[in-house]
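Colleague: Just dropping this structure here.
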Amino acid sequence: MRKLFHWPLDPASRLVRLVLAEKKLEFDLVTSPPWKPVEEVKRLYANPVGPVLIDQGQHGRVVANHTHAIIEFLEEQYPDIRVLPSLAPERAEARRLWRWVENRFEAEINGSILAERIAQAVQRTNVPDSTLLRRGAHSLRGVLTYLNALCEQHSYLTGRVLTVADLAAAANLSALDYFGDVSWDNVPDLRDWYARVKSRPCFRDLLKDSIVGTKPSPQYADLDF
């Protein structure tokens, strides 16, 4: 069995949940806020980064931290359903875009827009930082434009089949979409792509997520948004 320490609107946690669900692997969720990890996580790692997975499988107990370590482990140990392509060139491109998505969102968007929204909703800070929000919105527009261009060429971001790059992008966008911060009307091909990904069975539990005191945006769980 598996146990995933996560926080519902953390994009890294969402990505691991999507990969586990896409692979049809059962797991239990334990809520562990990034700013206040639960004691079990602190005993495992002094400074955990992102989600932590405990897998009690045929090779014994394995503990993995961070999206790349967790997902590469899952790909090796549970290859029946893959989120990385079988051909090396396509696999390299999926890994490149996966890393690009995580780096761009983490460096330019999540630390501004998402962090401000969460601070308002969960930590109840008083005044949002408008400069940070404007900077994040500018970066988000650039990322959306690039991803939309990819979707003009293919059904999925790297080609004809879904990969971890799609799940990484969807994990980040879904967290922002919870607060209504994605302007889908400006990126119609990306919106169609997101509707396809959002309609997959692996996404069902994410669309049920909510945080106390802050309702999701109207289109968050709408498959025909």
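The values are calculated or read from the model by the stated rules, or taken from the named source; none is laboratory data. Here the structure is a predicted model, which means the values were calculated and not measured. Positions of Cβ are generated from backbone atoms using ideal geometry, with glycine treated the same way; all protein chains shown enter the neighbour counts.
Colleague: Under 8 Å between Cβ atoms, at least 6 apart or on separate chains: pull out the pairs that start in the range 65-88 with a residue that is over 22 Å from G50 (Cβ atoms) and end on any residue that is among the hydrophobic types (A, V, I, L, M, F, W, C).
Modeller: Close Cβ pairs satisfying both conditions: P85/A94; P85/V161.
Colleague: Can you name every residue in the range 79-99 that is among the hydrophobic types (A, V, I, L, M, F, W, C), buried (at least 16 other Cβ atoms within 10 Å of the Cβ), out of contact with any strand residue (DSSP E or B) (no Cβ under 9 Å at 6 or more places or on another chain) and in a helix (DSSP H, G or I)?
Modeller: Result: L97, W98.
Colleague: Okay, moving on. Just name the residue that is surrounded by the fewest Cβ atoms within 10 Å (Cβ to Cβ) out of those in the range 156-166 that are out of contact with any Asp or Glu (no Cβ under 7 Å at 6 or more places or on another chain) and at pLDDT 95 or above.
Modeller: Looking at residues that are out of contact with any Asp or Glu (no Cβ under 7 Å at 6 or more places or on another chain) and at pLDDT 95 or above, I get V161.
Colleague: Out of P8, P48, P37, report the one residue that is in contact with a helix residue (DSSP H, G or I) (Cβ under 6 Å, 6 or more places away or on another chain), surrounded by fewer than 21 Cβ atoms within 10 Å (Cβ to Cβ) and outside any strand (DSSP E or B).
Modeller: One residue alone meets the criteria, P48.
Colleague: Further, regarding this structure: Does any residue of the range 122-136 turn out to be farther than 22 Å from I71 by Cα and touching a strand residue (DSSP E or B) at 6+ places or on another chain (Cβ under 7 Å)?
Modeller: Yes, the conditions are met somewhere in the range 122-136.
Colleague: Which ones in the range 138-165 are assigned to a loop (DSSP other than H, G, I, E, B) and not charged (D, E, K, R)?
Modeller: Matches in the range 138-165: H154, S155, L157, T158, V161, L162, T163.
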